[in-house]
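Okay, structure first, notes after.
The values are calculated or read from the model by the stated rules, or taken from the named source; none is laboratory data. Predicted model only: the values in this text are computed from it and were never measured. Reconstructed Cβ throughout: ideal geometry from the backbone, glycine too, with neighbour counts over all protein chains shown.
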Amino acid sequence: MQTNRAVSAQPATVGPTAVLSAAPVNGLQLQRLTQAIRGLTGEQLTWASGYLAGLAVGRPALAAAPVAAAGTVRLTILYASQTGNARSVAEALGRQAAARQLAHRVVSVADFRPRELAKEQCVLLVISTQGEGEPPEAALEFHRVLFGQGAPKLTDLSYGVFGLGDSSYALFCQAAKVFDARLAELGARRVLERVDADLDFRPVSEAWFPAALERVEAELAAASPGVAAHRDAEVVPLRVAAPVRPDRDHPFRAAVLDNRPITTRDAVAEVRHLALEIDPQAIDYAPGDALGVWFRNAPALVGAVLAAAGLAEDAPVEIAGNILALAEALTARLELTRLHPTVAAAWARLSGAAELAGLAQDREALRVWCQSRQVIDLITRYPARLQATALVGLLQPLAPRLYSIASAPAETADEVHLTVSTLRYQCNGQDRLGGASGFLAERLAAGDDLECYVLENPGFRLPADGDTPIILVGAGTGIAPFRAFLQQRAAVGDPGRNWLVFGNRHFQRDFLYQADWLRLRKAGVLHRFSPAFSRDTAQRVYVQDRLRAEGAELWRWLDEGARIYCCGATAMESAVREALVTIARDHGGLSADGALAFVETLRADGRYLRDTY
Ligand SMILES: Cc1cc2nc3c(=O)[nH]c(=O)nc-3n(C[C@H](O)[C@H](O)[C@H](O)COP(=O)(O)OP(=O)(O)OC[C@H]3O[C@@H](n4cnc5c(N)ncnc54)[C@H](O)[C@@H]3O)c2cc1C
Ligand SMILES: Cc1cc2nc3c(=O)[nH]c(=O)nc-3n(C[C@H](O)[C@H](O)[C@H](O)COP(=O)(O)O)c2cc1C
């Protein structure tokens, strides 16, 4: 559970004013500092804090020495993360290692040369699973090298794996499982049993840290008796408070400037455009980043859950050491709209309902059943008597939802735009709304505040070279980051050519941001535009079909060094990848295997980038 996120009606204490009240720097200095450290990894931030502390006490030697110089590192905490959770676990583990004075470093797999693993003594790998059982994008090279021919022998390495996943996916923690097995195959010694943590990973990781670090210390001591696994007290950097950057647990409050549908009333799915006001001194972002958004469950849904469970709204319950009324806990702290299989399994035990107990025997059947249901469906269909505290203990903590940022700082530095599809469906004849998208659509108006934070997405960035041509493939709300990309390229005057491939159902009803594309066309920024409106023609046409139809041109762009980006549903991305393979075969003259290898190389070279959900 989030222990310290701002939930009161008070202004959030994370803005520059709050930082400045405690820090001896002015606004401009803070802004420069924030810009200077933007994009640094956890390891680099730790190093920078030591560097600055060394400068402050006039000890250049300390200032110049990395916190954990290569020779002193005994433990490497490697993380592979897509939406920041594995990274936060790795960083928290790093802080615990630091508290024990254990020489270590925390590094993303994206910044780590996989072959260097052979030189490591002890590695703890923290890795999430993405897509349909895949590792995060950051682990692409790591995966390629470790699973390729000529993978390094790891006979000197001790390791442990901490997996993050979501058991409502078919392949739970698959990436952790696969890497755990592969490291062993390559000769490394597993010194800790793998942990597969579900969505509520924080208590699991916190319980794991001390045990894992004790094991690591014992391992290091046994491997090199007499060599200190701990840092010399002399080189422990002075602790300097890191600048507070809004994050999941310290969100900022953005004022809502605009919130309106950009689809017609008869569109199959409503999509809304949101504009939020931000303070660019406190928050910065880059095209490709996402915004994490906190939301409140609908009062009517909370009322229905209370009534179905026969519980009073003011029943006191405890969450993370705070006492609050049950209704508030159900509104702001607990998931009601996503039904997790672990919740349904626990409910089966509690309710004694034979039908549900039978379902819970079959993990896959339970997972599928939960996919189209909410907590209220569980309670009404399988009634049970329980205390308020039992209900709170059983439900999952509320998690923020992510939305790709649809604006560019170069165009609107003090605004963030989002493109949100309102999730509406029916279950047993009842209308159901997605938790966050329903909140944004129905209970958030211009003038209100929204708690949010920027989630960096370093693996989904515009090319550093503004001359590089780009092909942007987005279906539905997958278009959002590409609005940001094109705004940025227009604002900074990047000369590279831009091709947008956009898919949705109907030209008339859901042609998202049509006016923007027209303007960019006229301005000479959007060089090629390929729409795919799937329901306007007798035969459905999707983005992958447009790509195939324009395969010769696409091949020419690729030949000229273009990068391709794809954003939207995971299934759509798979279809796009298949289309690329077909194009490489048909227009590049490659064999079936050669075409597959070509697309894999595009990915490995960072020329085919994906952001799927
Ligand atoms: C990196 C990233 C970027 C994203 N960017 C965007 C974006 O730009 N725009 C955008 O709109 N979304 C985006 N999303 C998705 C977004 O985060 C939410 O998942 C989405 O808005 C739904 O959340 P919700 O809270 O409204 O619904 P939830 O309360 O999370 O409800 C979802 C649940 O409803 C169930 N469900 C879904 N559809 C149906 C159905 N048809 N029938 C029955 N049950 C169903 C599912 O099982 C699911 O568990 C992004 C996600 C990620 C990870
Ligand atoms: C698009 C998407 C696909 C996912 N696919 C899987 C999956 O196949 N298996 C799984 O166990 N978890 C899956 N997850 C859940 C994540 O692994 C989980 O949310 C994890 O905490 C994310 O960690 P990260 O933020 O470090 O990437 C998926 C999450 C998203 C957003």
Residue that is nearest to ligand 1 (Cβ to nearest atom) [pool: residues in the range 535-593 that are among the basic types (Lys, Arg) and over 24 Å from THR468 (Cβ atoms)] | ARG535
Pull up the range 382-425, narrow it to residues that are within 15 Å of ligand 1 (Cβ to nearest atom) and basic (Lys, Arg), then point me to the one that is farthest from the chain's Cα centre (by Cα).
-> ARG424
Residues in the range 575-582: is at least one free of Cβ contacts under 8 Å to residues at least 12 places away in the same chain and either surrounded by 14 or more Cβ atoms within 10 Å (Cβ to Cβ) or basic (Lys, Arg) (or both)?
-> no
State all residues of the range 161-209 that are in a strand (DSSP E or B) and away from ligand 2 (no atom under 11 Å from the Cβ); if no residue qualifies, say none.
-> VAL161, ARG189, ARG190, VAL195
Residues in the range 565-573: is at least one in contact with a Leu (Cβ under 6 Å, 6 or more places away or on another chain) and either farther than 20 Å from ASN504 by Cα or of a type outside the set (Ser, Thr, Tyr) (or both)?
-> no
Examine the range 99-110 for a residue that is touching a strand residue (DSSP E or B) at 6+ places or on another chain (Cβ under 9 Å), under 22 Å from ARG248 (Cβ atoms) and without any contact (Cβ under 8 Å) to a residue 40 or more places away in the chain, and state whether such a residue exists.
-> yes
Name every residue in the range 334-373 that is among the acidic types (Asp, Glu), surrounded by fewer than 14 Cβ atoms within 10 Å (Cβ to Cβ) and assigned to a loop (DSSP other than H, G, I, E, B), in order of residue number.
-> ASP362
Test for LEU455: is it closer than 30 Å to PRO203 by Cα and either near ligand 1 (Cβ under 8 Å from one of its atoms) or in contact with a Lys or Arg (Cβ under 6 Å, 6 or more places away or on another chain) (or both) = yes
In contact (Cβ under 8 Å) with a residue 60 or more places away in the chain, in the same structural domain as ARG489 (by TED's automatic domain parsing) and not aromatic (Phe, Trp, Tyr): does that describe ALA592?
-> no
Test ARG535 against the criterion of being farther than 25 Å from PHE142 by Cβ, buried (at least 18 other Cβ atoms within 10 Å of the Cβ) and not aliphatic (A, V, I, L, M), and give yes or no.
-> no
Among the helices (runs of 4 or more DSSP H) contained in the range 430-522, which hold 1 or more residues that are in the same structural domain as THR419 (by TED's automatic domain parsing), within 23 Å of the chain's Cα centre (by Cα) and surrounded by fewer than 18 Cβ atoms within 10 Å (Cβ to Cβ)?
-> none
Restricting to strands (runs of 3 or more DSSP E) lying wholly in the range 237-318: which have 1 or more residues that are among the charged types (D, E, K, R)?
-> 252-261, 271-277
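One line per residue, one yes/no per condition, for (1) assigned by TED's automatic domain parsing to the domain that holds ALA92; (2) in contact with a strand residue (DSSP E or B) (Cβ under 6 Å, 6 or more places away or on another chain); (3) within 16 Å of ligand 1 (Cβ to nearest atom); (4) among the hydroxyl-bearing types (Ser, Thr, Tyr):
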position	(1), (2), (3), (4)
LEU117	yes, no, no, no
LEU124	yes, yes, no, no
PHE142	yes, no, no, no
ALA151	yes, no, no, no
THR155	yes, no, no, yes
GLY165	yes, no, yes, no
Hey, can you tell me all the residues within the range 101-134 that are part of a strand (DSSP E or B) and of a type in the set (A, V, I, L, M, F, W, C)?
-> LEU102, VAL106, VAL107, CYS122, VAL123, LEU124, LEU125, VAL126, ILE127
